[in-house]
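Read through the structure below, which is laid out as structure tokens, and then see the notes.
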Amino acid sequence: MSRFTQRSGFLALGAAGLSVVAAPADMLVGGPSQAGHQTAAASNAPAAAGGLDRIVGTVGPGFTISVSPRRVQPGTYRLVVRDRSSMHNWHIRGSGVNKQTGIPFQGTRRFTIEVDAGRYRINCDVHPTSMRTSLRVAR
Ligand SMILES: [Cu+2]
């Protein structure tokens, strides 16, 4: 719970335009450098407040699970998960990433993820075979 609060604080700073100050040092060294440049957009997708491109995951209210976009380039992203059901969850797993919402949780959760080339599996843990999709990461 405290981790979620910290994330929210980080987002609030980003919305105020202070994301460069708030960015962790490792993003400035190893990331795609979006956080380090205020003037030029480093990627071809629209940047959200905070300087990172967004990946949006949605689950529910029915037996549906999705991610948008379904393909991105390697890099660091703001992941926004809209969990619209108390009987499903949204769970992404792959190289360096393992993020999920709670099954009874309903609402929006935000994460920062760094993805490498490859496929990231997304599913509901209650219905892993019938509710699944994937995110493809490629240059
Ligand atoms: Cu489910």
Using 7 Å Cα-to-Cβ label points, what is the S95/Q73 separation (nm, one decimal)?
1.7 nm
By average C-beta atoms within 10 angstrom, highest first, the peptides 87-93, 113-119, 131-137
87-93, 131-137, 113-119
Hey, can you rank 99-106, 72-79 by average C-beta count inside 10 Å, highest first?
72-79, 99-106
Need one number: nm distance between label points at R121 and F105, each 7 Å from Cα along Cα→Cβ, rounded to one decimal.
2.1 nm
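No lab work stands behind these numbers, since they all come straight from the coordinates. Given the structure is predicted, the values throughout are model-derived calculations rather than measurements. Cβ atoms come from the backbone with ideal geometry, glycine included; neighbour counts cover every protein chain shown.
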